[in-house]
Amino acid sequence: MKMKVKIGRLLGMKVYLHSTFAILVAYYLWDLSWESLMFGAAVVASLMLHELAHAGVARMFGNVPIRITFHGLGACVRLRRELGNTWRDALIAFAGPASNLLAGAVAFYCARLFRGDLYSIRHVLCCIAVVNGVIAGFNLLPAYPLDGGRLFRWLVSCLMKERHAASAVLCAGVVCSVAYVALGCSMAFDDGSIMDLCVQLPVAILVVVACWIEFDMTRKGTGVACSVKFVTVSKGGKLYETK
């Protein structure tokens, strides 16, 4: 059984759907409401924008993007050369969240222009603004495999040795994961639902594992590991993430 299926090409890159993408679809579309469809579409579009920004900046620096894959935790772009710890790689990492921040700001500004009968359009624009803001904010957290982890490591490595920078990212990843699970437990306690917590816990474990892998590779002198983006935005007006 194939784990991923090619659905086409975009700007010279192959686009794949991983089998786990069905989990993300089910998460948003299980009740088939208008709000769920809107949030799901906004998430997929924002993820595509995020990955295209990475790919575009990487291409500017001669690092050819090969494919984009949508999976159960979001999406990722595969580059011919894995990102390292240079200022160019930091810019490539920052391009994704920056594109979401820009898109969110534009959507929010446009939403303020609509009044009265165009409430539905305003509602869609607000949804786009919030989803992009959440994706950008989460991916800027200083933990691997998020973009913020690469940015944080590059900034810290400018001040201290590479091994110490990797240790700082590992500590930051553990702190972010604990805080993320604590937030999920708090919201589950308030709402009486553990659905979102069931998503948050695996993501937190993934972050800790990814941070440890990066730290271990740096300690052994084998370089920097791979990059993954993931984001999950909950429905019903309460938005929180995983890229």
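The values are calculated or read from the model by the stated rules, or taken from the named source; none is laboratory data. If you're wondering where the values come from, they're calculated on a predicted model, not measured in any experiment. So basically every Cβ, Gly included, is an ideal-geometry build from the backbone, and we count neighbours across all protein chains shown.
Could you count how many residues in region 8-22 are in contact with a Ser or Thr (Cβ under 6 Å, 6 or more places away or on another chain) and hydroxyl-bearing (Ser, Thr, Tyr)? The total comes to 1. Among the residues of region 166-180, just one is within 22 Å of Arg88 (Cβ to Cβ), small (Gly, Ala, Ser) and buried (at least 22 other Cβ atoms within 10 Å of the Cβ), namely Ala166.
So, of the residues in region 112-164 that are among the small types (Gly, Ala, Ser) and under 12 Å from the mean Cα position of the chain (by Cα), which turns out to be surrounded by the fewest Cβ atoms within 10 Å (Cβ to Cβ)? Among those residues, the one meeting the criterion is Gly137.
Every residue, every condition in (1) outside any helix (DSSP H, G or I); (2) closer than 16 Å to Ala41 by Cβ; (3) free of Cβ contacts under 8 Å to residues at least 24 places away in the same chain, yes or no:
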{"site": "Ala93", "(1), (2), (3)": "no, no, no"}
{"site": "Val106", "(1), (2), (3)": "no, no, yes"}
{"site": "Ile121", "(1), (2), (3)": "no, yes, yes"}
{"site": "Ala129", "(1), (2), (3)": "no, yes, no"}
{"site": "Val134", "(1), (2), (3)": "no, yes, no"}
{"site": "Phe138", "(1), (2), (3)": "no, no, no"}
{"site": "Gly149", "(1), (2), (3)": "no, no, no"}
{"site": "Trp154", "(1), (2), (3)": "no, no, no"}
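Counting residues in region 64-78 that are at positive phi and either in contact with a Gly (Cβ under 6 Å, 6 or more places away or on another chain) or modelled with pLDDT of 85 or more (or both) gives zero. Looking only at residues that are surrounded by fewer than 14 Cβ atoms within 10 Å (Cβ to Cβ) and not small (Gly, Ala, Ser) in region 1-19, which one is modelled with the lowest pLDDT? Of everything passing the filter in region 1-19, Met1 is modelled with the lowest pLDDT.
Of all residues being within 25 Å of Cys126 (Cα to Cα) and of a type in the set (A, V, I, L, M, F, W, C) in region 77-102, which is surrounded by the fewest Cβ atoms within 10 Å (Cβ to Cβ)? Just the residue, please. Within region 77-102, the match that is surrounded by the fewest Cβ atoms within 10 Å (Cβ to Cβ) is Leu102. Among the residues of region 43-67, the ones that are surrounded by fewer than 23 Cβ atoms within 10 Å (Cβ to Cβ), among the aliphatic types (A, V, I, L, M) and either over 30 Å from Arg163 (Cα atoms) or in contact with a Lys or Arg (Cβ under 6 Å, 6 or more places away or on another chain) (or both) come to 7 in all. Residues that are closer than 21 Å to Ala103 by Cα, in contact with a helix residue (DSSP H, G or I) (Cβ under 6 Å, 6 or more places away or on another chain), not small (Gly, Ala, Ser) and not assigned by TED's automatic domain parsing to the domain that holds Ala95: does region 150-167 have at least one? The answer is yes, given that some residue of region 150-167 is closer than 21 Å to Ala103 by Cα, in contact with a helix residue (DSSP H, G or I) (Cβ under 6 Å, 6 or more places away or on another chain), not small (Gly, Ala, Ser) and not assigned by TED's automatic domain parsing to the domain that holds Ala95.
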